[in-house]
1. Mean separation of Cα pairs under 8 Å and 6+ residues apart, divided by the residue count of region B:13-207: what relative contact order is that in percent?
2. Taking R0 as 45 Å, what FRET efficiency do you get between residue A:231 and residue B:207 from their Cβ-Cβ distance, rounded to the nearest 0.05?
3. Can you sort B:89, A:169 by how many other beta carbons sit within 10 Å, fewest first?
4. So between residue A:195 and residue A:103, what do we pick up on full extension, going 0.36 nm a residue minus the alpha carbon distance?
5. Principal axes first, then extents: for the Cα atoms of region A:83-187, list largest minus smallest coordinate on each axis, whole Å, largest first.
6. In nm, to one decimal, how far is the modelled label at residue A:157 from the one at residue A:113, with both set 7 Å along Cα→Cβ?
7. Could you list B:148, A:231 so that the one with the fewest beta carbons within 10 Å of its beta carbon is first and the one with the most is last?
8. What value in Å³ per residue do you get for the convex hull of the alpha-carbon atoms in region A:151-285?
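Throughout, read-outs are computed from the coordinates displayed, never taken from laboratory work. Predicted, not measured: the structure shown is a model, and the values here were computed from it. Using ideal geometry, Cβ is built from the backbone for each residue, glycine included, and neighbour counts are taken over all protein chains shown.
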């Protein structure tokens with residue numbers, strides 16, 4: 001579920017940018033298809049404008065935005081297994097079209113929002129121990145103690161995790177996984193890989209996924225209590241979490257897919273950027289002045 | 001009935017154009033100095049865009065035309081195009097560059113227009129403006145976009161100031177850069193289909209979005 005989760009978070013992010021083109025309330029905004037017909041729509045960008053700043057390096061804005069220090073290749077994502085990955089991506093998409101998305105549609109349509117929220121709260125609460133450990137290993141003591149506090153509050157007052165009571169008291173959910181922990185200590189993502197069922201990942205994050213599942217205490221808990229249907233229960237947890245997440249992002253992913261011309265390459269870039277962003281969150285060697293960090297109150301609405 | 005044409009919307013159009021001209025002047029007039037102005041520029045852009053696109057007094061074509069003008073003024077499309085094509089910009093012929101600029105502009109208009117029209121209850125707030133330490137022309141503006149039903153989203157804008165005018169270079173949400181994502185996606189398409197293939201795909205995309213928009217019932 002973690003990997004699906006990541007993909008979906010990334011997807012949401014980009015849909016903010018790519019949002020719903022064509023489904024606007026302004027029906028039928030006709031774009032000129034041919035240059036000849038473009039005149040009524042106003043003058044277009046002239047080539048000369050772009051040619052003229054062909055390009056001195058000190059004038060290169062993007063060079064500052066994405067410094068090519070070798071750490072991050074802005075030309076091409078590292079994907080030596082692209083052929084296999086594309087195959088796996090298509091396989092996952094097929095499963096999605098025929099199974100996951102329809103299930104998510106049914107789930108979203110038939111279950112009341114309260115029930116859907118409970119499913120999410122419950123599966124999130126079960127993830128708390130693993131998140132706690134990863135926060136601890138990354139030295140994020142405050143987040144770790146909040147995660148453990150959330151776990152105890154929600155497991156008790158929140159009726160076994162069905163209600164996110166801690167959130168009402170200002171303790172918000174946050175997520176860390178072992179892939180991020182590895183990245184925190186400097187591990188590069190390595191080649192991009194698409195995992196069956198789990199979706200976009202990298203060698204580093206794939207290892208992280210494996211470690212996280214080993215850290216997960218619930219199989220041992222079920223064992224200790226001699227629960228016979230432990231496999232079914234654990235599978236059910238994954239399915240519930242997956243369907244819930246997919247249901248929350250039906251429109252988002254639809255839009256994202258429709259907006260792209262190479263869906264595979266777009267998802268790959270989104271995934272790698274997002275993971276990098278999550279890991280670099282705390283390293284704050286930003287070239288931007290921090291003095292502007294106070295709210296620019298006069299521009300607020 | 002003056003015998004020429006029914007012109008019920010003649011006066012509103014005039015009025016709107018005057019108001020619009022005033023609003024378009026806002027970013028330029030506040031472009032003095034100081035990092036807050038990059039935020040004011042985005043605020044003004046947001047307001048103008050919403051007013052332009054939700055203005056029922058002018059025809060759809062006019063709305064689109066005005067929005068295109070506004071976008072050209074506010075986004076540094078030539079620089080973004082060059083970055084997005086990356087190494088392929090240098091490999092492209094002048095004709096291909098021209099074609100790419102042309103279709104890329106349409107793609108972006110289609111992408112950004114719904115942001116301003118889809119959600120009436122959307123509130124855009126600039127929360128932070130930061131200036132680049134070494135290149136003072138570059139700004140990093142943080143904003144939030146909140147709607148009633150959805151969680152508040154944080155969107156960051158990279159803005160450059162040249163000749164007293166601000167222009168957007170990139171939009172970043174959840175650590176994901178639009179320019180970089182498009183560069184990777186387009187790079188992948190060029191690798192498989194060539195530059196002409198990319199341009200053809202983008203043209204097809206613009207066309208199909210248009211059809212979708214036309215066939216979507218209100």
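1. Once normalised by length, the contact order is 22 percent.
2. The pair residue A:231/residue B:207 has a calculated efficiency of 0.35.
3. Fewest to most other Cβ atoms nearby, the residues stand as A:169, B:89.
4. 31.0 nm
5. 42, 41, 17
6. 2.3 nm
7. B:148, A:231
8. Considering the Cα atoms of region A:151-285, their hull volume per residue is 164 Å³.
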